[in-house]
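A short worksheet on the structure shown next.
The values are calculated or read from the model by the stated rules, or taken from the named source; none is laboratory data. Here the structure is a predicted model, which means the values were calculated and not measured. Counting neighbours? That spans all protein chains shown, and the Cβs are built from the backbone with ideal geometry, glycine included. What goes into the accessible areas is simple: the full protein's heavy atoms, side chains included, and nothing from ligands, DNA or RNA. Shrake-Rupley method; radii C 1.70, N 1.55, O 1.52, S 1.80 Å.
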Amino acid sequence: MQLKIVAAAAIALMAGTAFAQTPAASSAPKAAATAPAPKAAVAKPGKAPVARTAKSLDCSKQADAKHLHGKPRKSFMSTCKKA
């Protein structure tokens, strides 16, 4: 008798969580249809990747070594590339 009660209680608990975890069937297609595409997959027309010159890469390494970020890095990169 106790085994039947325990089994019934276990089934009732599992059935309740199973229904709570399943998504609504009507909202799943909408979410997939309106989800934005990942940025990596979206290519902007007319915008090709810029090839970096050896001078630019060298200046970037120097800026990294000096731990420059933001406006100071931009200023350093500009003067370094002109030199």
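Being modelled with pLDDT of 80 or more and exposed (fewer than 10 other Cβ atoms within 10 Å of the Cβ) narrows it down to one residue among Lys4, Lys81; which is it?
Lys4
For region 52-74, does any single residue satisfy the condition of being at pLDDT below 90, in a loop (DSSP other than H, G, I, E, B) and open to solvent by 90 Å² or more (accessible area, probe 1.4 Å)?
Yes: one or more hits.
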